[in-house]
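Report on one structure; see the data block that follows.
The values are calculated or read from the model by the stated rules, or taken from the named source; none is laboratory data. This is a predicted model, so every value here is computed, not measured. For neighbour counting, all protein chains shown are included, and Cβ atoms are generated from backbone atoms with ideal geometry for every residue, glycine included. Each accessible area value is taken on the protein alone, full model and side chains, heavy atoms only, with ligands, DNA and RNA left out. Shrake-Rupley method; radii C 1.70, N 1.55, O 1.52, S 1.80 Å.
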Amino acid sequence: MITISHKIELKPNNKQKTHFRKAFGCARLAYNWGLSEWQRRYKEGEKVDAYGLKKSFNAIKKEQYPFVLEVTKYATQQPFINLGKAFKKFFDDLKKGSVSYPQFKKKKDNEGSFYIGGDQVKFSYTNLNSKAFKSMMHNENQKRQYLKIPNLGYVKMTECVRFNGSVNGVVISQQGDKYFASFSVQVTEDEYKRTHPHAGTHKNECKAGVDLGIKSALILSDGISVDNPKPLKKNIRKIKRLSRQLDKRTHARTKQERLSGVKKSQNYKKLSVQLSNTQRKVANIRRDFLQKVTTILTTHYSQIALEGLNVKGMVRNHRLAQSVSDVAFGELCRQIEYKASLNGVSITKADRFYPSSKTCSVCGNVKLELKLSDRTYRCDKCGAVLDRDYNASLNLLGLISDYKIGIDCPEFTPEDLTALLSCFERNGIATSKVETGRQHKL
(Lines give C-alpha, C1' and ligand atoms only; values in the text may rest on other atoms or scores of the structure.)
Protein backbone atom coordinates (compact mmCIF):
# COMPACT_ATOMS: atom_id res chain seq x y z
CA MET A 1 0.00 0.00 0.00
CA ILE A 2 1.16 3.52 -0.85
CA THR A 3 0.03 6.71 0.88
CA ILE A 4 -0.31 9.77 -1.35
CA SER A 5 -1.65 13.27 -0.81
CA HIS A 6 -4.33 14.98 -2.88
CA LYS A 7 -5.08 18.69 -2.35
CA ILE A 8 -8.36 20.17 -3.62
CA GLU A 9 -9.74 23.70 -3.34
CA LEU A 10 -13.05 24.16 -1.52
CA LYS A 11 -15.83 26.64 -2.27
CA PRO A 12 -17.50 27.33 1.10
CA ASN A 13 -20.28 29.85 1.67
CA ASN A 14 -20.20 32.48 4.43
CA LYS A 15 -21.71 30.17 7.03
CA GLN A 16 -19.17 27.47 6.26
CA LYS A 17 -16.29 29.96 6.38
CA THR A 18 -17.40 31.01 9.87
CA HIS A 19 -17.44 27.37 10.95
CA PHE A 20 -13.93 26.86 9.53
CA ARG A 21 -12.59 29.84 11.45
CA LYS A 22 -14.18 28.47 14.62
CA ALA A 23 -12.50 25.10 14.02
CA PHE A 24 -9.16 26.84 13.36
CA GLY A 25 -9.48 28.60 16.71
CA CYS A 26 -10.33 25.39 18.57
CA ALA A 27 -7.32 23.60 17.07
CA ARG A 28 -5.06 26.52 18.00
CA LEU A 29 -6.51 26.60 21.53
CA ALA A 30 -5.89 22.89 22.09
CA TYR A 31 -2.28 23.11 20.84
CA ASN A 32 -1.42 26.16 22.94
CA TRP A 33 -3.14 24.68 26.02
CA GLY A 34 -1.17 21.47 25.58
CA LEU A 35 2.14 23.32 25.16
CA SER A 36 1.49 25.49 28.23
CA GLU A 37 0.50 22.48 30.32
CA TRP A 38 3.54 20.54 29.09
CA GLN A 39 5.84 23.35 30.24
CA ARG A 40 4.10 23.61 33.63
CA ARG A 41 4.28 19.89 34.36
CA TYR A 42 7.86 19.67 33.19
CA LYS A 43 8.92 22.41 35.61
CA GLU A 44 7.18 20.55 38.44
CA GLY A 45 9.14 17.41 37.61
CA GLU A 46 6.25 15.36 36.23
CA LYS A 47 6.53 12.95 33.32
CA VAL A 48 4.64 14.43 30.37
CA ASP A 49 3.27 12.79 27.24
CA ALA A 50 0.83 13.89 24.54
CA TYR A 51 -1.72 11.17 25.35
CA GLY A 52 -1.97 12.24 29.00
CA LEU A 53 -2.44 15.88 27.99
CA LYS A 54 -5.24 14.92 25.61
CA LYS A 55 -7.05 13.02 28.39
CA SER A 56 -6.72 16.00 30.73
CA PHE A 57 -8.09 18.39 28.11
CA ASN A 58 -11.05 16.12 27.33
CA ALA A 59 -11.90 16.02 31.05
CA ILE A 60 -12.24 19.81 31.33
CA LYS A 61 -13.36 20.92 27.88
CA LYS A 62 -17.10 20.55 28.55
CA GLU A 63 -16.92 22.89 31.55
CA GLN A 64 -14.20 25.35 30.59
CA TYR A 65 -14.37 25.28 26.79
CA PRO A 66 -17.89 24.17 25.79
CA PHE A 67 -17.63 25.85 22.36
CA VAL A 68 -15.17 23.19 21.15
CA LEU A 69 -18.09 20.73 21.03
CA GLU A 70 -19.52 22.68 18.10
CA VAL A 71 -16.77 21.40 15.78
CA THR A 72 -15.40 17.95 15.01
CA LYS A 73 -13.71 16.10 17.86
CA TYR A 74 -10.54 15.70 15.77
CA ALA A 75 -10.02 19.48 15.74
CA THR A 76 -9.00 19.30 19.42
CA GLN A 77 -7.45 15.81 19.41
CA GLN A 78 -5.00 16.01 16.51
CA PRO A 79 -3.14 19.06 17.95
CA PHE A 80 -1.95 16.92 20.87
CA ILE A 81 -0.59 14.31 18.44
CA ASN A 82 1.16 17.10 16.53
CA LEU A 83 2.55 18.45 19.81
CA GLY A 84 3.97 15.04 20.65
CA LYS A 85 5.65 14.85 17.24
CA ALA A 86 7.05 18.37 17.73
CA PHE A 87 8.67 17.43 21.05
CA LYS A 88 10.02 14.19 19.59
CA LYS A 89 11.64 16.22 16.82
CA PHE A 90 12.98 18.64 19.42
CA PHE A 91 14.69 15.87 21.40
CA ASP A 92 16.05 14.26 18.22
CA ASP A 93 17.45 17.60 17.04
CA LEU A 94 19.13 18.15 20.41
CA LYS A 95 21.21 15.04 19.81
CA LYS A 96 22.29 16.55 16.47
CA GLY A 97 23.23 19.88 18.07
CA SER A 98 20.28 22.02 16.89
CA VAL A 99 17.34 23.52 18.78
CA SER A 100 13.76 23.39 17.48
CA TYR A 101 11.60 23.91 20.58
CA PRO A 102 7.84 24.03 19.82
CA GLN A 103 6.34 27.52 19.70
CA PHE A 104 2.85 28.78 20.53
CA LYS A 105 0.56 29.24 17.55
CA LYS A 106 -0.50 32.81 16.78
CA LYS A 107 -3.92 33.89 15.60
CA LYS A 108 -3.80 34.97 11.95
CA ASP A 109 -6.65 36.34 9.88
CA ASN A 110 -5.90 34.44 6.66
CA GLU A 111 -4.28 31.23 7.89
CA GLY A 112 -5.36 28.19 9.86
CA SER A 113 -6.00 24.47 9.68
CA PHE A 114 -7.75 21.60 11.42
CA TYR A 115 -7.87 17.84 10.95
CA ILE A 116 -10.73 15.42 10.25
CA GLY A 117 -10.28 11.68 10.78
CA GLY A 118 -10.84 9.20 8.00
CA ASP A 119 -13.85 7.66 9.79
CA GLN A 120 -15.70 10.98 9.49
CA VAL A 121 -14.83 11.67 5.83
CA LYS A 122 -17.85 11.25 3.54
CA PHE A 123 -18.51 12.36 -0.04
CA SER A 124 -21.56 13.13 -2.11
CA TYR A 125 -22.03 14.00 -5.77
CA THR A 126 -24.89 16.37 -4.93
CA ASN A 127 -25.36 18.98 -2.25
CA LEU A 128 -27.85 17.32 0.06
CA ASN A 129 -28.74 20.74 1.45
CA SER A 130 -29.63 22.17 -1.96
CA LYS A 131 -32.53 21.05 -4.17
CA ALA A 132 -31.12 22.84 -7.23
CA PHE A 133 -28.27 20.37 -7.69
CA LYS A 134 -30.38 17.24 -7.34
CA SER A 135 -31.76 17.73 -10.85
CA MET A 136 -28.21 17.65 -12.31
CA MET A 137 -27.51 14.01 -11.39
CA HIS A 138 -28.55 12.75 -14.83
CA ASN A 139 -25.65 14.60 -16.49
CA GLU A 140 -22.25 13.05 -15.67
CA ASN A 141 -20.34 16.13 -16.85
CA GLN A 142 -22.23 18.39 -14.44
CA LYS A 143 -21.64 16.30 -11.33
CA ARG A 144 -19.75 17.95 -8.50
CA GLN A 145 -18.33 16.23 -5.48
CA TYR A 146 -19.06 17.52 -1.98
CA LEU A 147 -17.17 16.86 1.23
CA LYS A 148 -19.11 16.40 4.44
CA ILE A 149 -17.75 18.37 7.38
CA PRO A 150 -18.89 17.07 10.80
CA ASN A 151 -21.36 19.38 12.57
CA LEU A 152 -21.61 21.52 9.44
CA GLY A 153 -22.75 19.71 6.29
CA TYR A 154 -21.54 19.33 2.73
CA VAL A 155 -18.99 21.75 1.23
CA LYS A 156 -18.48 22.01 -2.52
CA MET A 157 -15.13 20.97 -3.98
CA THR A 158 -13.70 22.28 -7.24
CA GLU A 159 -12.86 18.76 -8.43
CA CYS A 160 -13.41 15.13 -7.51
CA VAL A 161 -10.91 12.92 -5.70
CA ARG A 162 -8.97 11.23 -8.50
CA PHE A 163 -7.65 8.22 -6.57
CA ASN A 164 -9.52 5.06 -5.63
CA GLY A 165 -8.51 4.13 -2.10
CA SER A 166 -9.24 4.59 1.56
CA VAL A 167 -8.97 8.10 3.01
CA ASN A 168 -6.84 8.17 6.16
CA GLY A 169 -7.76 11.77 6.96
CA VAL A 170 -8.14 15.27 5.58
CA VAL A 171 -6.73 18.63 6.64
CA ILE A 172 -8.88 21.72 6.02
CA SER A 173 -6.71 24.82 5.65
CA GLN A 174 -6.96 28.47 4.66
CA GLN A 175 -4.41 30.41 2.61
CA GLY A 176 -5.37 33.99 1.90
CA ASP A 177 -8.98 34.05 0.71
CA LYS A 178 -8.98 30.40 -0.43
CA TYR A 179 -9.75 27.18 1.42
CA PHE A 180 -8.29 23.75 0.68
CA ALA A 181 -8.80 20.12 1.66
CA SER A 182 -5.67 17.96 1.67
CA PHE A 183 -6.56 14.26 1.56
CA SER A 184 -4.25 11.47 2.71
CA VAL A 185 -5.26 8.53 0.50
CA GLN A 186 -3.97 4.98 0.83
CA VAL A 187 -3.89 3.26 -2.57
CA THR A 188 -2.63 -0.02 -3.95
CA GLU A 189 0.36 -0.32 -6.26
CA ASP A 190 -1.95 -1.00 -9.22
CA GLU A 191 -3.90 2.19 -8.51
CA TYR A 192 -0.67 4.14 -8.19
CA LYS A 193 0.52 2.84 -11.56
CA ARG A 194 -2.86 3.66 -13.10
CA THR A 195 -2.72 7.28 -11.95
CA HIS A 196 1.02 7.56 -12.69
CA PRO A 197 1.31 5.79 -16.08
CA HIS A 198 5.01 6.53 -16.68
CA ALA A 199 6.26 5.52 -13.25
CA GLY A 200 8.87 2.79 -13.24
CA THR A 201 9.28 2.52 -17.05
CA HIS A 202 13.02 2.72 -17.82
CA LYS A 203 13.61 1.09 -21.19
CA ASN A 204 17.26 1.95 -21.70
CA GLU A 205 18.40 2.15 -18.06
CA CYS A 206 19.40 5.81 -18.49
CA LYS A 207 21.63 7.47 -15.90
CA ALA A 208 22.10 11.14 -15.03
CA GLY A 209 24.20 13.36 -12.82
CA VAL A 210 22.21 16.34 -11.52
CA ASP A 211 23.97 19.53 -10.43
CA LEU A 212 21.88 22.15 -8.61
CA GLY A 213 22.30 25.85 -9.28
CA ILE A 214 20.70 29.25 -8.86
CA LYS A 215 20.60 30.63 -12.41
CA SER A 216 19.67 27.22 -13.77
CA ALA A 217 17.86 25.11 -11.21
CA LEU A 218 19.20 21.85 -12.65
CA ILE A 219 22.04 21.01 -14.98
CA LEU A 220 21.93 17.44 -16.27
CA SER A 221 24.89 15.42 -17.45
CA ASP A 222 23.08 15.10 -20.80
CA GLY A 223 23.84 18.78 -21.47
CA ILE A 224 20.34 20.02 -20.60
CA SER A 225 19.95 23.09 -18.41
CA VAL A 226 16.57 23.52 -16.69
CA ASP A 227 15.81 27.20 -16.09
CA ASN A 228 14.83 28.40 -12.63
CA PRO A 229 11.39 30.13 -12.65
CA LYS A 230 12.47 32.41 -9.73
CA PRO A 231 8.92 33.18 -8.49
CA LEU A 232 10.07 35.11 -5.42
CA LYS A 233 12.44 37.34 -7.39
CA LYS A 234 9.66 38.21 -9.85
CA ASN A 235 7.16 39.08 -7.10
CA ILE A 236 9.42 40.48 -4.39
CA ARG A 237 8.70 44.12 -5.29
CA LYS A 238 4.96 43.57 -4.98
CA ILE A 239 5.40 41.76 -1.65
CA LYS A 240 7.53 44.60 -0.26
CA ARG A 241 5.05 47.22 -1.47
CA LEU A 242 2.09 45.44 0.13
CA SER A 243 4.06 44.93 3.34
CA ARG A 244 4.84 48.66 3.59
CA GLN A 245 1.22 49.59 2.93
CA LEU A 246 0.01 47.03 5.46
CA ASP A 247 2.25 48.43 8.18
CA LYS A 248 0.75 51.90 7.72
CA ARG A 249 -2.83 50.71 8.30
CA THR A 250 -4.40 50.81 11.74
CA HIS A 251 -3.51 47.76 13.85
CA ALA A 252 -2.01 46.87 17.21
CA ARG A 253 1.75 47.19 16.90
CA THR A 254 2.66 46.41 20.53
CA LYS A 255 1.36 44.18 23.30
CA GLN A 256 0.06 47.24 25.18
CA GLU A 257 -2.01 48.29 22.18
CA ARG A 258 -3.47 44.80 21.89
CA LEU A 259 -4.45 44.83 25.56
CA SER A 260 -5.96 48.30 25.22
CA GLY A 261 -8.27 47.03 22.46
CA VAL A 262 -6.81 48.55 19.29
CA LYS A 263 -8.57 46.77 16.42
CA LYS A 264 -7.47 46.16 12.86
CA SER A 265 -9.01 48.43 10.27
CA GLN A 266 -10.91 47.09 7.26
CA ASN A 267 -8.16 48.33 4.94
CA TYR A 268 -5.65 46.35 7.00
CA LYS A 269 -7.70 43.19 6.52
CA LYS A 270 -8.05 43.77 2.77
CA LEU A 271 -4.33 44.35 2.30
CA SER A 272 -3.57 41.34 4.48
CA VAL A 273 -5.58 39.15 2.10
CA GLN A 274 -3.76 40.60 -0.92
CA LEU A 275 -0.38 39.92 0.67
CA SER A 276 -1.35 36.35 1.56
CA ASN A 277 -2.60 35.75 -1.98
CA THR A 278 0.67 37.00 -3.46
CA GLN A 279 2.70 34.80 -1.15
CA ARG A 280 0.49 31.82 -2.02
CA LYS A 281 1.04 32.53 -5.72
CA VAL A 282 4.83 32.45 -5.23
CA ALA A 283 4.61 29.18 -3.29
CA ASN A 284 2.31 27.61 -5.89
CA ILE A 285 4.64 28.47 -8.80
CA ARG A 286 7.60 26.99 -6.93
CA ARG A 287 5.63 23.91 -5.87
CA ASP A 288 4.32 23.31 -9.39
CA PHE A 289 7.83 23.53 -10.85
CA LEU A 290 9.32 21.18 -8.26
CA GLN A 291 6.60 18.57 -8.64
CA LYS A 292 6.84 18.53 -12.42
CA VAL A 293 10.62 18.50 -12.78
CA THR A 294 11.13 15.82 -10.10
CA THR A 295 8.47 13.62 -11.69
CA ILE A 296 10.13 13.94 -15.10
CA LEU A 297 13.54 13.02 -13.70
CA THR A 298 12.32 9.99 -11.76
CA THR A 299 10.36 8.63 -14.73
CA HIS A 300 13.09 9.05 -17.38
CA TYR A 301 16.16 7.84 -15.48
CA SER A 302 16.89 4.61 -13.66
CA GLN A 303 19.91 5.99 -11.75
CA ILE A 304 20.40 9.56 -10.54
CA ALA A 305 23.43 11.08 -8.82
CA LEU A 306 22.84 14.12 -6.59
CA GLU A 307 25.17 16.41 -4.71
CA GLY A 308 24.94 16.73 -0.93
CA LEU A 309 24.38 20.40 -0.10
CA ASN A 310 24.50 22.17 3.25
CA VAL A 311 21.38 24.22 2.64
CA LYS A 312 21.30 25.70 6.15
CA GLY A 313 24.86 26.88 5.75
CA MET A 314 24.13 28.39 2.34
CA VAL A 315 21.16 30.32 3.73
CA ARG A 316 23.44 31.95 6.32
CA ASN A 317 25.12 33.85 3.48
CA HIS A 318 22.95 36.98 3.20
CA ARG A 319 23.95 37.45 -0.44
CA LEU A 320 22.69 34.01 -1.49
CA ALA A 321 19.95 33.38 1.07
CA GLN A 322 17.04 34.71 -1.01
CA SER A 323 18.16 32.97 -4.21
CA VAL A 324 18.77 29.66 -2.41
CA SER A 325 15.36 29.83 -0.74
CA ASP A 326 13.71 30.71 -4.04
CA VAL A 327 14.87 27.52 -5.75
CA ALA A 328 14.29 25.33 -2.64
CA PHE A 329 17.25 22.95 -2.87
CA GLY A 330 16.20 20.92 0.15
CA GLU A 331 12.65 20.32 -1.09
CA LEU A 332 13.93 19.49 -4.57
CA CYS A 333 16.23 16.75 -3.26
CA ARG A 334 13.54 15.44 -0.89
CA GLN A 335 11.01 15.03 -3.70
CA ILE A 336 13.54 13.32 -5.96
CA GLU A 337 14.41 10.85 -3.20
CA TYR A 338 10.87 9.90 -2.22
CA LYS A 339 9.64 9.67 -5.83
CA ALA A 340 12.69 7.59 -6.71
CA SER A 341 11.76 5.10 -3.97
CA LEU A 342 8.24 4.81 -5.42
CA ASN A 343 9.45 4.41 -9.02
CA GLY A 344 12.32 2.05 -8.33
CA VAL A 345 15.05 4.59 -9.18
CA SER A 346 18.49 4.25 -7.62
CA ILE A 347 19.80 7.44 -5.96
CA THR A 348 23.50 8.09 -5.37
CA LYS A 349 24.22 11.07 -3.13
CA ALA A 350 27.65 12.64 -3.12
CA ASP A 351 29.47 13.53 0.06
CA ARG A 352 28.96 17.10 1.21
CA PHE A 353 32.65 17.88 0.69
CA TYR A 354 32.98 16.13 -2.67
CA PRO A 355 34.67 18.67 -5.08
CA SER A 356 32.33 18.15 -8.03
CA SER A 357 32.93 21.66 -9.43
CA LYS A 358 36.70 21.65 -8.91
CA THR A 359 37.37 18.23 -10.43
CA CYS A 360 38.03 17.88 -14.16
CA SER A 361 35.60 15.38 -15.66
CA VAL A 362 38.12 14.51 -18.43
CA CYS A 363 41.33 13.72 -16.53
CA GLY A 364 40.27 13.86 -12.87
CA ASN A 365 42.57 16.73 -11.92
CA VAL A 366 41.39 18.80 -8.93
CA LYS A 367 41.67 22.58 -9.29
CA LEU A 368 42.17 24.05 -5.84
CA GLU A 369 41.38 27.68 -6.67
CA LEU A 370 37.97 28.17 -8.27
CA LYS A 371 35.87 31.22 -7.48
CA LEU A 372 32.08 31.29 -7.56
CA SER A 373 32.28 33.93 -10.31
CA ASP A 374 34.23 31.53 -12.57
CA ARG A 375 31.42 30.04 -14.66
CA THR A 376 33.78 28.20 -17.03
CA TYR A 377 36.06 25.42 -15.83
CA ARG A 378 39.53 25.39 -17.42
CA CYS A 379 41.71 22.42 -16.55
CA ASP A 380 45.37 23.31 -15.97
CA LYS A 381 46.49 19.75 -16.69
CA CYS A 382 44.71 18.59 -19.85
CA GLY A 383 43.40 21.96 -21.10
CA ALA A 384 39.74 20.97 -21.15
CA VAL A 385 37.26 23.86 -21.21
CA LEU A 386 33.75 23.14 -19.92
CA ASP A 387 30.82 24.90 -18.40
CA ARG A 388 31.30 24.84 -14.62
CA ASP A 389 27.93 23.31 -13.75
CA TYR A 390 28.03 20.86 -16.66
CA ASN A 391 31.45 19.69 -15.49
CA ALA A 392 30.03 19.15 -11.99
CA SER A 393 27.12 17.10 -13.35
CA LEU A 394 29.55 14.84 -15.26
CA ASN A 395 31.56 14.28 -12.08
CA LEU A 396 28.38 13.37 -10.23
CA LEU A 397 27.56 10.94 -13.00
CA GLY A 398 30.98 9.41 -12.41
CA LEU A 399 29.89 8.41 -8.90
CA ILE A 400 27.57 5.82 -10.39
CA SER A 401 29.43 2.51 -10.26
CA ASP A 402 29.48 1.58 -13.96
CA TYR A 403 30.41 5.05 -15.27
CA LYS A 404 34.03 6.25 -15.29
CA ILE A 405 35.60 9.67 -15.78
CA GLY A 406 36.78 10.21 -19.33
CA ILE A 407 33.90 8.57 -21.19
CA ASP A 408 32.71 11.04 -23.80
CA CYS A 409 28.94 10.45 -23.68
CA PRO A 410 26.64 8.77 -21.18
CA GLU A 411 24.26 6.10 -22.45
CA PHE A 412 21.43 8.36 -23.61
CA THR A 413 20.03 7.84 -27.11
CA PRO A 414 18.59 10.62 -29.30
CA GLU A 415 15.13 9.09 -28.85
CA ASP A 416 15.47 9.37 -25.08
CA LEU A 417 16.69 12.96 -25.37
CA THR A 418 13.79 13.90 -27.63
CA ALA A 419 11.28 12.32 -25.26
CA LEU A 420 12.82 14.14 -22.29
CA LEU A 421 12.80 17.54 -24.01
CA SER A 422 9.23 17.10 -25.23
CA CYS A 423 8.17 16.20 -21.69
CA PHE A 424 9.78 19.38 -20.36
CA GLU A 425 8.08 21.43 -23.09
CA ARG A 426 4.69 19.81 -22.49
CA ASN A 427 4.86 20.76 -18.80
CA GLY A 428 5.87 24.35 -19.53
CA ILE A 429 9.42 24.02 -18.16
CA ALA A 430 12.02 26.11 -19.98
CA THR A 431 15.25 24.36 -20.91
CA SER A 432 18.40 25.23 -22.81
CA LYS A 433 21.52 23.49 -24.09
CA VAL A 434 24.81 23.98 -22.28
CA GLU A 435 26.86 26.18 -24.61
CA THR A 436 30.38 25.35 -23.50
CA GLY A 437 31.19 21.80 -24.62
CA ARG A 438 34.28 19.67 -24.39
CA GLN A 439 36.81 21.91 -26.09
CA HIS A 440 40.50 21.26 -25.71
CA LYS A 441 43.36 23.67 -26.17
CA LEU A 442 45.61 22.97 -29.10
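Worth pointing out:
- When each of G84, G45, G52 is tested for being more than 15 Å from L29 (Cα to Cα) and within 25 Å of the chain's Cα centre (by Cα), the lone residue that passes is G84.
- Qualifying residue in region 312-332 (condition: among the aromatic types (F, W, Y) and modelled with pLDDT under 85): no
- V282 in contact with a strand residue (DSSP E or B) (Cβ under 7 Å, 6 or more places away or on another chain), open to solvent by less than 20 Å² (accessible area, probe 1.4 Å) and part of a helix (DSSP H, G or I): no
- Region 279-293 residues that are touching a residue at least 40 places away in the same chain (Cβ under 8 Å), paired with ones that are surrounded by fewer than 17 Cβ atoms within 10 Å (Cβ to Cβ) and not in a helix (DSSP H, G or I) (beta carbon under 7 Å, 6 or more apart): K292/N427
- Within region 42-57, residues that are under 18 Å from K73 (Cβ atoms) have Cβ atoms under 8 Å from residues that are small (G, A, S) in these pairs: A50/G34; A50/G84; Y51/G84; L53/G34; K54/G34; F57/A30; F57/G34, counting only partners at least 6 apart in sequence or on another chain.
- Taken over region 226-275, the criterion of being polar (S, T, N, Q), surrounded by 15 or more Cβ atoms within 10 Å (Cβ to Cβ) and more than 25 Å from L332 (Cβ to Cβ) is satisfied by S272, Q274.
- With respect to the conditions (1) closer than 21 Å to I224 by Cα; (2) modelled with pLDDT of 90 or more, Y301 lacks only one, and its number is (2).
- Note on region 182-209: among residues that are in contact with an Asp or Glu (Cβ under 8 Å, 6 or more places away or on another chain) and open to solvent by less than 60 Å² (accessible area, probe 1.4 Å), the one that is modelled with the lowest pLDDT is C206.
- Hey, I81 out of contact with any Lys or Arg (no Cβ under 7 Å at 6 or more places or on another chain) and within 19 Å of S113 (Cα to Cα) or not: yes
- Note on region 305-377: enclosed helices (runs of 4 or more DSSP H) holding 2 or more residues that are open to solvent by 40 Å² or more (accessible area, probe 1.4 Å) and touching a residue at least 60 places away in the same chain (Cβ under 8 Å) are 321-327.
- Cβ-Cβ under 9 Å pairs, at least 6 apart or on other chains, region 428-441 side more than 16 Å from V226 (Cα to Cα), far side open to solvent by 100 Å² or more (accessible area, probe 1.4 Å) and at pLDDT below 80: R438/D408
- Summed over region 101-128, residues that are surrounded by 14 or more Cβ atoms within 10 Å (Cβ to Cβ) and within 16 Å of W38 (Cα to Cα) total 2.
- Residue that is nearest to H19 (Cα to Cα) [pool: residues in region 49-77 that are among the aromatic types (F, W, Y) and open to solvent by 30 Å² or more (accessible area, probe 1.4 Å)]: F67
- Residue in region 407-440 that is farthest from the chain's Cα centre (by Cα), counting only those that are open to solvent by less than 50 Å² (accessible area, probe 1.4 Å) and at pLDDT below 55: G437
- In the condition set (1) at pLDDT below 90; (2) over 30 Å from S325 (Cα atoms); (3) under 23 Å from the mean Cα position of the chain (by Cα); (4) surrounded by 15 or more Cβ atoms within 10 Å (Cβ to Cβ), G213 is compliant with all but (2).
- Some residue of region 143-158 being at pLDDT below 95, open to solvent by 50 Å² or more (accessible area, probe 1.4 Å), of a type in the set (S, T, Y) and over 14 Å from P12 (Cβ atoms): no
- The residue of region 1-39 that is most open to solvent (accessible area, probe 1.4 Å), among those that are more than 30 Å from the chain's Cα centre (by Cα) and closer than 21 Å to Q78 by Cα, is Q39.
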